[in-house]
Each structure stands twice: as C-alpha cells, then as structure tokens.
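The values are calculated or read from the model by the stated rules, or taken from the named source; none is laboratory data. Remember, predicted model here, so these are calculated numbers, not experimental data. Quick reminder, even Gly has a Cβ in these numbers, built from the backbone with ideal geometry, and neighbours come from all protein chains shown. What goes into the accessible areas is simple: the full protein's heavy atoms, side chains included, and nothing from ligands, DNA or RNA. Shrake-Rupley method; radii C 1.70, N 1.55, O 1.52, S 1.80 Å.
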Amino acid sequence: MSESLHTVLVTGASGKLGVPLCEALLQAGYAVLALRHRNPVGVPGIEEIQGGVTDLALIENLVARSDAVIHLATCKEDRDGVIAVSAQGTFHLLDAAMRTKKPKRVILASGDAVNGIYFNPQPVPIREDTPLVAYPGYYPLSKVIEETMFQQYYHQAGVPTVCLRISWIHAEDDILNHLTVAGECFGVPVWNELMTDAQRADYAADRNAAVALRHPDGRPMRRHIVAVEDCVQAFLLALERDGIEGETFMIAMTDPFDYVDAAHYAAKQMGIDALDLVDPIGQDFCIDTTKARYVLGYQPQYDIRRLIDQAVEFRRSGRQRRAWTGYRG
C-alpha cells in the first residue's frame, strides 16, 4: 500500500468488479468507503454507504474523507440514468476532488465500448490513442462522457485522474453463459438469432452446445475480454504507480480469443457439442495492452482456457451466482 494513500472511496461497489475490488483493497491494507446504490456489498471490514453519485452532499463528504477515489458506478443501457449518473455524478466526484484537493488519485473504470469494439471495423490493435468512436448505445456514450470529463479535469484543474479502459469483464461462469446456447444469454451475439429453425429445435430442451463462431467467409471470429481478477490487479497497480496522472491504460487479456478454439475446448471440458454458427456483422478486434504492461506492470493471469476451466469448476462446486446490480454484462 502506498504510504500516502490510506482511505479509498469505491463507487458502484456492489457490482461485478466492485465486490472483489473491495476485498482486494482491504487485503492490501486500505480502508474502504464502499458506495452502493441497491444491492449490499457484503464485504466484512468495509464501511458500506447506501446512496448515489447524484447526491452532491454525500459525494462531497465522502471525497473529503478519501485519499483516492475509484469510480465504478455506471448506468449501463439506461436512458433515464445516463446523464444523471455518468455526467452529473462524475461531475460531482471530479469537482469535489478539485475543490477539496484531498484525493491523490482518481481512477475511472472506462470500457473498450468507447472504441466501438465488435460493431466497428478494427483493422489494427486498439490502443489508448485510438479515436473514441463508440458503437450505438447509452452505455458506450456514458463512457465517452466520463473519459472526456476525467481528461479535462486533469488538464484544466490538475485533478490526478487515471482512466482504465477495460475490456468485457468475466467472472464466475460468465464465459460459459456467453459461449453456450443453453440457459442464460450473456452478451452479444445472441445465439438464438443466428441459429436455424432446425438448430433451435435441436437445442430447445436440455441439449447444449458451445458456439464455434465464424465470419461468413469461414474465418474464426476473434475478440478480447478480461477476467475480473486481472481487472482488480490493474486497479491496485493504478493506485500504486507514481507519475501516471492524466494517463489512460487498456486492460484486457494478453491475447484475443478464437471462438472456434474456445468452443471446442469448452465443449470438451463440459461434455457437450460444438456448434458452428455464422455472425454476419461482428468484427474481430484486439486490445493492445503494451502500455499497461510496461508502465503499470500489469501482467494478465487469465487466458481463455484458464477462464473456461475456472467457470467449469465454479459450476461443479454448486456455488450460487452473486445477484449483480442492473444490466447483465
């Protein structure tokens, strides 16, 4: 733990990333102020506060008590909440940090949605200086708003901001929910929309398959994701590293995964079929994590096979999935 940082405020603390991050911060020796909106965080040893980033008085009080702020709160695909949470709430945090001059590091959880992943052509690896051309949606828009505000509060007012632009986060058995046709649909594409009537009939009951996704020309589709454990690592590093104020870092697995390889591996581990499907619109993309690895010392521990293995073990253990707040993704 940095000697100058003792108390860390985490907004959006009850989410998929917030809970394990709060646990890791405690283990690293930080005192944690955990702001949550709906669901409890449930981590012993933290100070849990129910409220929202739109509450100016609450935010001013919490920021004034904090040596660092980690801003995870988001509204996902919520038209009514995007301006209140992402614009007004982020403004409250940054403006309080500017006026109190108390936080020595203010870190944003942004996302690679700002670069239009999957929907927009990505002929070269996506880097920190890739233009912010987000795909359609309120969530991508919210992250563009938040990143812009973080950058401008650094340039205009010297607020010590850092942006972590994170790939799609996977925890528990998320990767199996994404890769397989049975059960909960997680993310895009939606497999049912790509299947023929005959395939939908074949897998309508208890039969399951992992999707070997291809482009119309037969090439395996590739995309980047990240394990929640590696995201936590990145935030701890962003608290510790000196001289990174005003910087943005891409956070993802070391390499993008190949859907065909991943599907056959998951099918073998689960004892199910592998099913070839074609996605007519999806675009391959690769996240360049060189800057994060070189500057932060970020070292991703999870590739796609380890993530699948952990998800299979999670299911076999019989553990219950956590009830995440809001949008599933």
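What to note about this one:
- Element breakdown for the chain at a 1.4 angstrom probe: carbon and sulfur atoms account for 51% of the accessible area.
- Set of segment 181-222 residues, backbone N closer than 16 Å to the point 7 Å along the Cα-Cβ line of R316: none
- Shape of segment 74-197, Cα gyration tensor, a/c cut at 1.5: prolate
- In terms of overall dimensions, the C-alpha atoms belonging to the chain reach 62, 42, 38 Å along their principal axes, ordered largest to smallest.
- GNM result for the chain, Cα springs below 10 Å: residue of I244, I281, I126 fluctuating most strongly: I281
- Choice from R316, R222, R36 with maximal GNM fluctuation in the chain (Cα, 10 Å cutoff): R316
- Efficiency of FRET between D303 and D80 - r from beta-carbon atoms, R0 56 angstrom, step 0.05: 0.90
- Just checking the listed ones, A198, A262, A234: in the Gaussian network model of the chain with Cα springs under 10 Å, the one fluctuating most is A198.
- Given the chain, longest segment not containing exposed loop GluC sites (Glu not before Pro) (DSSP; at most 13 other Cβ within 10 Å): 4-183
- Solvent-accessible area per residue, Å², over segment 141-180 with all protein chains present [probe radius 1.4 Å]: 27
- Here's how it looks for I225: its modeled amide H is under 5 Å from those of M253, F257, which are all 5 or more places away or on a different chain.
- Equivalent-ellipsoid semi-axes of segment 1-126, from the Cα gyration tensor, Å, largest first: 25, 18, 16
- Spin-label model, R38/T196: points 7 Å from Cα along the beta carbon direction are separated by 4.0 nm.
- Relative contact order for the chain, counting Cα pairs under 8 Å that sit 6 or more residues apart, in percent: 19
- A helix-only calculation puts the chain at -9500 deg cm²/dmol for mean residue ellipticity at 222 nm, using -39500 (n - 2.57) for each DSSP H run of at least four residues, averaged over all residues.
- In this label model, A205 and I281 are separated by 3.4 nm, measuring between points 7 Å along each Cα→Cβ vector.
- Förster-model FRET efficiency, 22 Å R0, V133 and E245, C-beta, rounded to 0.05: 0.30
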